[in-house]
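Read the figures in this text as sums done on the coordinates, not as results from a lab. Since the structure is predicted, the reported quantities are computational estimates derived from the model, not experimental observations. With ideal geometry, Cβ positions are generated from the backbone for all residues, glycine too; neighbour counts draw on all protein chains shown.
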Amino acid sequence: MKPTPSIRIAAAQTVSTAGDVAANVRTHTKFIETAHQAQVDLLVFPELSLSGYELPLLQDCRLQPDDSRLAPIRDLAQKTRMTVVVGAPLDRGEGVAPSIAAITFLPDGSTSVYCKQYLHPGEERYVVEGAAGSHSHAFFDKSFALAICADTSHEQHAVSAAATGASLYLASVLVSEAGYAADSAKLHRYATELNVGVLMSNHGGPSGGYVSAGRSSFWAPGGKLVVAAPGAGDFLVIASHRAGEWSGEVLAA
């Protein structure tokens, strides 16, 4: 019998520069390089990490996975053999509002896109929701499904993700101090009741008029809080699975 592989997943708790894709790409590459040094296999950035949660600016920050501005991230994902999930306003073509998306860059050079299915009130003025449905992606001996912020407020989203066979539920969010207790409690409940590992990647600083709570976290299947950032700021929040056990560490980035 082959030994169960050890894996390391991480939340990149970053501070986004409003509307500046180039600056945010530089921040992303810095975090990817730090994560590689820490032997991370899968790295998840917050909601709209490449633009900031700046709804009026999203139309001018639209991106596709093959956008030349994202080449440094694509190249690093391949070079480091890391799966990298970034937050971006997805370009749906001229005359169409973008979607709030998570773009996944895979070590083999391929990409996949997930679009936020449930919008916060007011977001519909600037973006369109993604198609309903859940998909899981193979990852070593596990699989993961993605969520973006308000998706996690709808229990059915997490239930559907688990029903696809996902053992990891990876949430890119912008959660303020005011919303943190309720939102983190829901994620803890999903880990407990659905028996999935739950990673929350939150912004490290203010964005779109919201003051982020930071405190990116990982709950192991069954609900144990394994690791959390101490607050706001730039942090790499790492959860490791080895020999059937989860452990965690936080690195300043």
- Item | For the chain, size of Cβ-based charge dipole, Lys and Arg +1, Asp and Glu -1, in debye | 600
- What FRET efficiency, computed as 1/(1 + (r/R0)^6) with R0 = 25 Å and r the Cβ-Cβ distance, is obtained for residue 247 and residue 193, rounded to the nearest 0.05? 0.65
- Note on the structure: Scaled by the rule-of-thumb 2.2 N^0.38 Å, the alpha carbon Rg for the range 32-90 gives a ratio of 1.19
- Query: Considering only DSSP beta bridges with both partners in the range 96-253, what is the antiparallel share in %, to the nearest 5?
  - Reply: 70
- If the label point sits 7 Å along Cα→Cβ of residue 112, residues of the range 65-80 with amide N under 16 Å come out as 65
- Task: Consider the candidate values [x] 43; [y] 47; [z] 50; state which one is percent of Cα pairs over 23 Å apart computed from the structure displayed.
- Result: [x]
- Message: What does the extension gain come out to for residue 156 and residue 211, with contour length at 0.36 nm per residue minus their alpha carbon separation?
- Response: 17.0 nm
- Extension gain, residue 138 back to residue 94 (0.36 nm per residue minus Cα-Cα distance, nm): 12.5 nm
- Taking the Cα centre of the range 127-211 as the origin, how large is its charge dipole in debye, to the nearest 20, when only Lys and Arg (+1) and Asp and Glu (-1) carry charge on their Cβ atoms? 100
- Number of Lys pairs (Cα under 24 Å; 8 or more positions apart or on different chains) in the chain: 8
- Per the helix-only model, the chain has a calculated mean residue ellipticity at 222 nm (DSSP H runs of ≥4, -39500 (n - 2.57) each, divided over all residues, rounded to the nearest 500) of -7000 deg cm²/dmol
- Note on the structure: Per the 1/(1 + (r/R0)^6) rule, R0 = 25 Å and r from the Cβ atoms of residue 120 and residue 177, FRET efficiency to 0.05 is 0.90
